[in-house]
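Structure first, then comments.
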Amino acid sequence: MYLGTIRKKYPLLLRAPDYEEAMALVDDTLKEVRKTAHNLMPELLLRHGLVEATRILCRKVQHAQKMTIDFQYHGAISTLSSNFELTVYRIVQELIQNILKHAAATEALVQFSVRDHILSITVEDNGIGIEEGAVEKAGVGIRSIESRIKGLNGFFTIRSIAGRGTTAYIEFDLKNKKKSLV
């Protein structure tokens, strides 16, 4: 920001190729720092694990927004790899963000269920839904979620009824997701 104000103060810098190259390097560095910061393991996740961190996330969002989020958890999750936990946490976070941005919902449900080493995650809302055909033409956020789930060999489906809400359903086989002791 300071370099930008200097440019306004000294208009001749606009014609200096070295200055423009330096600004481009600063911009690239900022993008990398943002990307790295986004991928860092949240302290909440380190301290509490996936289930409790997600419960706290839902509670915080509920207090900050005018939306009720019901978090439910059934079954037992053993200790999972930190990469898996981070990815699942970010997926749920992105789905909640999509609800806040697009759904105009007043209620949401985030549910984790474990049965026979299968983790099922349901995130649904009572919002405006997505028009027919729009799910297939999903934006960057949904494609990113699909890509992350595919990278973890998971299953993902999203169902929506215009005017009645959206349900995202995810499944992971936890057999190979356990934390390594090495």
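Filter region 94-108 down to residues that are open to solvent by 30 Å² or more (accessible area, probe 1.4 Å) and not in a helix (DSSP H, G or I) and give me whichever is modelled with the lowest pLDDT. Ranking the qualifying residues of region 94-108, first place goes to Ala104. For Leu119, the stated conditions hold: it is in a strand (DSSP E or B), under 18 Å from Leu45 (Cβ atoms) and either without any contact (Cβ under 8 Å) to a residue 60 or more places away in the chain or among the aliphatic types (A, V, I, L, M) (or both). The numbered conditions (1) surrounded by 16 or more Cβ atoms within 10 Å (Cβ to Cβ); (2) in contact (Cβ under 8 Å) with a residue 12 or more places away in the chain are all true for Leu13 except (2). Within the bounds of region 75-92, is there any residue that is open to solvent by 30 Å² or more (accessible area, probe 1.4 Å) and at pLDDT 95 or above? Checked region 75-92: no residue is open to solvent by 30 Å² or more (accessible area, probe 1.4 Å) and at pLDDT 95 or above.
Kindly evaluate Ala53 against the criterion of being touching a Gly at 6+ places or on another chain (Cβ under 7 Å), surrounded by 15 or more Cβ atoms within 10 Å (Cβ to Cβ) and more than 20 Å from Ser147 (Cα to Cα). Reasoning before the result, please.
Working: touching a Gly at 6+ places or on another chain (Cβ under 7 Å): no; surrounded by 15 or more Cβ atoms within 10 Å (Cβ to Cβ): yes; more than 20 Å from Ser147 (Cα to Cα): yes.
So Ala53 fails the test.
The values are calculated or read from the model by the stated rules, or taken from the named source; none is laboratory data. Computed from a predicted structure; not experimentally measured. Don't worry about glycine lacking a Cβ; one is built from the backbone with ideal geometry, like all the others, and counts go over all protein chains shown. Heavy atoms of the whole protein, side chains included, go into the accessibility calculation; ligands, DNA and RNA do not. Shrake-Rupley method; radii C 1.70, N 1.55, O 1.52, S 1.80 Å.
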